[in-house]
Every structure is written in structure tokens, then in C-alpha cells.
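Taking it in order: structure first as C-alpha cells, then the write-up.
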Amino acid sequence: MAPCTVSPFRRRLPGVALALTLAATLTGTAGAPAEAAAAPPAAPAPSRVTAAAPGSVRLAELAEQAVAPGVVVRVDDGRGRPVEIARQARWTVPDGELTASDRVRMGSNSKTMVATLVLQLVAEHRLALGDPVEEWLPGLVPHGRSLTLRMLLQHTSGLFNYLDDPGVLRSFTGQDSHRWTPVELLTAGVRHSPLFAPGERFSYSNTNYVALGLVLERATGKHLGDLIQQRIARPLGLSRTYLDDGRRQERLAHGYEPDAAHLGPLLPPGIPAGTAFVGPARGDWVDTTHVNTSTLWAAGGVVSTAFDWARFDAALMSGKLLPSAQLEQMRTTVPEDPKAPEGNGYGLGLRKVVFPCGTVWGHDGQAAGYSSETYTDASGRRTLSVLTTSVFGLAAPASAAAHQALVNDAVCAMLGKPGAAAPPSND
């Protein structure tokens, strides 16, 4: 996400989707871990570039250098055919060819869809941003009368992040097969003391969005997955997008994490000893495609593609999904780092991210085996997705730097500007 600060399981350096700690997978921030015994990269299979446009060759080269099992890049600068690039390590090919149209787990990008649903109900006067949480979830959240829906949306509630709970973490990595219900996830978060008084400051917590998913279901009487289909996916023609709540199974691009021996040196202090991902072995890696996903739900459970998400971002920012008043609320941000008030900001399920080439809007996210960043300009005319088939495959400094270079350059291409590391023009 200059570096931005968030909490476990989601964020990293500004403008770069690098999950640098396990506790940063669906939420937070962290500093880069020391260079460790990261799983050694294999030679990449040839990149597949589906459009030749200015900068596409450079993006393809950067994708080759981004040391991860696989990466999909889609850039639409609003002026012609989008550039689509798919690259994968040769050792992943037996699991299937990676293409730009493959489904992946979108992780915390899901929060933007959940926030959109909440704001649609606000526009319909079925919810209000100032509603106390207790009104919709009586008895489920301690001090719920002091917490509002706006605080949940903007991560200013102070609620503990349930993914930092050791029991949930074991399920997230696949070490425990327990299938968590949304209420159980909420309970896992609120049984820990709050981090601060409601509304005091920003602190990223997946617990906020599990609570919002439950509010949506109680306000409408419908499953969250059905709401996403009825109000967003079907109207926009997002045929490859759905909430993985166990009711639908589709083929996904395979996701991978380093095996226990290579993961251990990358984990930050405080992570329980023995933490490792579980799944079929792939040399020094583990296939996490079908790891226990019950820990994600409203905080990170949406499955989608680069094309579908670009269509969603474009529709959202151009006003097709929300009235102007609610879109303005969504884009009203609080600083993610109070020491950098002009830097990255968080709105209502939407991030403002400052890159070398300019400011963009969107989100990022991680799930076991998947890391993603999706951005758009303020109009929704230009869009970008960088989808990677690993989280900790990006954690070692060399991999993190290569990935950051790719994302920075892709943002520049989206905005129609020279690459971030390109030499100055002589014109």
C-alpha cells in the first residue's frame, strides 16, 4: 500500500499488493521481512500477452521478473484494447495453464462489493450510516450502541481483527478443517478486547466486514451471496463472479504458498510456532487452491476475474451502482497513516492510493494462494488488475521489489504516463 500501515492479513507497501506477513493476508500492513529461505523460483513459462500496446512489452518483461508462481496483469487505459498478460512458473503448468480470464480469490477486494451493497440500502433508506451496530446485531458486539455502520465500513471501530485469533488462523492456513460460520467469526473477533475507543482512529480489521455482512442479511432477509448476484453481478454481466460461501464450486487458477520449511523464515514475530499452509505438495510449495475458505466470507470471499472486476470498478466509479451522494460518502477518506494525512486514505470500503504516477482508487486483498490489487481512476474509465497466485511468494525482498515495480508501472500505463522507472523523455 511510501509505506502504509494496516494490520494483519491485508496490506503492505502503498500501491503494491505485497502481503508481507501472515497476519497481513486479508488485512493489514507490515514491513518487509528479512531475506529468507524463500522457495526458489523456477524458470517461468512464456508470458501470454493478448494485446500489443505502448508499454505492453515492458509490462510483460516486468511480469517475467515478478518472482511468484503466477501473475495476471490487465491494464485498460480507456483508449483502446486492454493489455492482458498471464505468466506462470513452469512447475505450475501441470496444474493448468494460467490465463487472463481465470477466476481467482479476490480477498479483501470483496469489501468494496460489500460496502456497495450497504450504501445501496442507505440510498433506499433501509439502512443509515449512523445506525448503531446494536440495532442490527443485538447482543453480538459488545458496546454495539457506541459503534456505527460508518465505523465498520471505514475501519474506525477499534474491533480486534478475527484473523489474528489463533483458532481462526489455523483454519485460514488449512491446519484446522473447522467450517466457521459468520457469527462464529464475529465472535472470534469480539471476544478480544477492542484496540481503541470507537471512532478514535483507523485500524484495518476484517471483523468489521463480517459484521456488515450479517447486517446486510438481517436487513434484507437474503444470503449475502445472493445479494451480490442480484444487485451487482447480474446487472453488470459479471458471469464469472460469485461469493464462495460453499454453495457453488468453479474451477479456479491454482494458488500456492511456500511449504513449511520455506515459509517459517518469512513469518513475523508473534505468529504461532508451527504455522504452515496445508495442501498438496508441489516441490517447495503447497497448492492452497482449496484450503479452508470459511474464514473469508464478507471480509474476503468473492471469486472473480480481472475482466469482471474491471467492469465492477468502472461501474462503481462512474455512478452506475450508487447515487452521487453515496459515492461521495464512499470516497470520503480517513488517513491510513496519521503521520501522512495527504497519503493513502480509506473511505467506505474503498482505498485512495498514491502511486508515483498519480492517485488511484480501488482495493487490494489476499487469500491463501492469492494476492490482488485492483485500481481505477476517479472516472472509472481506466482500470487495472494485478492478480498473483501467491501471498508469501512475494514476501522476500527481491520478490517484493519486482512485484512493486510491476504494479507501479501498470498504474503508470493505466494513467497513460511513462513507466515509473522509465528514463525521462528527450522530447
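Numbers at a glance
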| read-out | value |
| --- | --- |
| Among (1) 30, 25, 20; (2) 47, 31, 20; (3) 47, 22, 21, the entry that matches semi-axes √(5λ) of the Cα gyration tensor in Å as calculated here | (1) |
| GluC sites (Glu not before Pro) restricted to region 96-180 and DSSP loop, no more than 14 other C-beta within 10 Å | Glu97, Glu124 |
| Surface accessible to a 1.4 Å probe, per residue, for the residues of the chain, Å² | 36 Å² |
| Under 18 Å from the Arg381 label point (7 Å along Cα→beta-carbon), backbone N, region 317-343 | 317-320 |
| With DNA, RNA and ligands ignored, accessible area of Thr333 (1.4 Å probe; Å², nearest 10) | 50 Å² |
| Residues of type lysines that Lys320 reaches as a straight line, Cα spacing below 30 Å, ignoring anything fewer than 8 places off in the same chain | Lys111, Lys222, Lys352, Lys417 |
| Contour excess over end-to-end distance, with Cα ends at Phe196 and Thr99 and 0.36 nm allotted per residue | 30.5 nm |
| Region 174-220: chymotrypsin sites (Phe, Trp or Tyr not before Pro) in DSSP coil with no more than 14 other Cβ atoms inside 10 Å | Phe196 |
| Charge dipole (debye, nearest 20) of region 286-401; +1 at Cβ of Lys and Arg, -1 at Cβ of Asp and Glu | 260 debye |
| Phe307 - accessible surface, heavy atoms, 1.4 Å probe, Å² rounded to 10 | 90 Å² |
| Nearest-0.05 FRET efficiency for Val57 and Thr181, computed from C-beta distance (R0 35 Å) | 0.10 |
| Charge dipole (the chain, unit charges on Cβ, about Cα centre) - positive-most of Val210, Ser379, Trp180 | Ser379 |
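The values are calculated or read from the model by the stated rules, or taken from the named source; none is laboratory data. Not measured: the values here are computed from a predicted model. We place every Cβ from the backbone using ideal geometry, glycine too, and count neighbours over all the protein chains shown. To get the accessible areas, we keep the full protein, side chains included, count just its heavy atoms, and leave off ligands, DNA and RNA. Shrake-Rupley method; radii C 1.70, N 1.55, O 1.52, S 1.80 Å.
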